[in-house]
Amino acid sequence: MTIPNLITMLRVVLVPAVVMAMLQAHWDWAFAGFVVAGISDGVDGFIARRFNQQSRFGAYLDPIADKLLLVSVFVVMGIIGQLPLWLVVTMVSRDALIVCAVLLSTAMAHPVEMKPLLVSKANTAVQIVLAAVVLGELAFAVHLDPLRPGLILLSGVLTVASAAAYLVAWLRHMSGYGEGGKSG
C-alpha cells in the first residue's frame with residue numbers, strides 16, 4: 001500500500017461525506033470536501049510520479065475515485081435542481097456506456113486498454129470546474145450567472161464529443177481496424 005493509494009482511498013471516503021453535506025445543505029462543508037478531494041487528486045499523482053510509487057492498483061483506483069466523486073456530485077445537483085437533468089443523464093450515460101464497452105470487450109476476449117483521450121480530459125476538467133462553481137455559489141451565496149450556463153453547455157458538448165470519440169475508438173478496436181492488421 002503506497003502513500004498515493006492511501007490518499008486516493010481517502011478521496012473515495014470523502015464521497016459519501018460530500019454527498020451527505022450536499023443533501024443536508026451544508027454547502028460550505030460540501031465545497032470544502034470537494035476542494036480537498038480535488039487537491040488530493042493532484043497530490044497523489046505528484047507523489048506517485050515523483051517518488052516512483054505508481055502501482056497497478058492506483059492506476060485503477062484513481063480514475064474510479066474521480067468518477068465516483070463527480071458522478072455523485074452531479075447526480076445530487078441534478079436531483080436538487082442545481083444542474084439540468086439532461087446534463088446529468090448525459091454524463092452518467094456516457095460513463096455507463098464506457099464501462100459496458102470495456103466489460104463487453106473483456107468478456108469477448110478482446111480487452112481494450114483504456115487511455116484517456118484529450119477530449120475526455122477536457123470534459124473532466126470542465127465538469128470539475130462546473131461542480132466547483134455550483135458548490136462555491138451555494139457555499140458563498142454568490143451568483144456567477146454568465147459562468148454557470150456556459151459551463152453547463154460546454155460540459156454537455158464535451159460529454160457528447162467524448163462519448164462519440166470513445167465509441168469510435170472502441171469500434172475500431174473491436175473490428176481490428178486499429179491494430180494494424182486490417183484496414184477496413
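Among the residues making up the stretch 2-45, a single one is within 17 Å of residue 125 (Cα to Cα) and of a type in the set (Ser, Thr, Tyr): 40. Starting from residues that are out of contact with any Gly (no Cβ under 8 Å at 6 or more places or on another chain) and of a type in the set (Ser, Thr, Tyr), keep the ones in the stretch 3-55 and report whichever is farthest from residue 74 (Cα to Cα). Applying the filter and picking the extreme gives 55. Just give me the residues in the stretch 131-151 being touching a residue at least 40 places away in the same chain (Cβ under 8 Å) and closer than 19 Å to residue 67 by Cβ, in sequence order. Hits for the stretch 131-151 are 131, 132, 134, 135. The residues in the stretch 112-121 that are open to solvent by less than 80 Å² (accessible area, probe 1.4 Å) and either under 20 Å from residue 64 (Cβ atoms) or over 21 Å from the mean Cα position of the chain (by Cα) (or both) can be counted, and the count is 3.
So residue 137 ticks every box in (1) among the acidic types (Asp, Glu); (2) in a helix (DSSP H, G or I); (3) over 21 Å from residue 28 (Cβ atoms) but one. Which box is left unticked? With respect to (1) among the acidic types (Asp, Glu); (2) in a helix (DSSP H, G or I); (3) over 21 Å from residue 28 (Cβ atoms), residue 137 is out only on (3). Considering the stretch 1-100, the qualifying helices (runs of 4 or more DSSP H), each wholly inside and each with 1 or more residues that are touching a residue at least 60 places away in the same chain (Cβ under 8 Å), open to solvent by 50 Å² or more (accessible area, probe 1.4 Å) and touching a helix residue (DSSP H, G or I) at 6+ places or on another chain (Cβ under 9 Å), run over 27-50.
The values are calculated or read from the model by the stated rules, or taken from the named source; none is laboratory data. Owing to the predicted nature of the structure, the values given are computational and were not obtained by experimental measurement. Reconstructed Cβ throughout: ideal geometry from the backbone, glycine too, with neighbour counts over all protein chains shown. Note: areas computed on protein heavy atoms with side chains; ligands, DNA, RNA excluded. Shrake-Rupley method; radii C 1.70, N 1.55, O 1.52, S 1.80 Å.
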